[in-house]
């Protein structure tokens, strides 16, 4: 299994508001992910420091499935839906970072 983690800060600093906005976007995001070959699961994380940091954890059957999702536009489409619901924080906090791991 491959685990891909995207971390970024949003302009939304209130957890209740974050959960509400994410909840509205999640059905469409899940539909997009479910259509991706090799997709297994998605989970969202709220930063423990309550500073708007969030994480998106996706699990894939293979590294190639994850790469295809990123390279063929699925990740960009999901990112656009996320950013509409949870706008990215202003510079310099607005960077998105993706790390990919193989789970044992």
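Coordinate-derived values only; no laboratory data. Just so it is clear, the model here is predicted, and its values are computed rather than measured.
Starting from the Cα gyration tensor of the range 1-42, take the square roots of the eigenvalues, sort them a ≥ b ≥ c, and report rounded, prolate or oblate (rounded when a/c is under 1.5, otherwise prolate if a/b is larger than b/c, else oblate). Provide the component values of the computation, followed by the final result.
Working: a/c = 3.25, a/b = 1.66, b/c = 1.96.
Judged from the Cα gyration tensor, the range 1-42 comes out oblate (a/c at least 1.5, b/c at or above a/b).
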Exercise for the section: Please work out the C-alpha center-to-center distance from the range 39-81 to the range 1-35 and express it in whole Å. Expected result: 8
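Note down the relative contact order for the chain as a percent, whole number, built from C-alpha pairs under 8 angstrom at least six residues apart.
Numbers: 172 pairs, mean separation 51.7, N = 104.
For the chain, the relative contact order is 50 percent.
Based on DSSP H runs of at least 4 residues, each adding -39500 (n - 2.57), what is the mean residue ellipticity at 222 nm of the chain after dividing by all its residues, to the nearest 500 deg cm²/dmol?
Values: 3 runs with 41 residues, N = 104.
Calculated at 222 nm, the ellipticity per residue is -12500 deg cm²/dmol.
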Completion exercise
Taking 0.36 nm per residue of separation between residue 14 and residue 76 and subtracting their Cα-Cα distance, the length gained on full extension comes to 19.8 nm
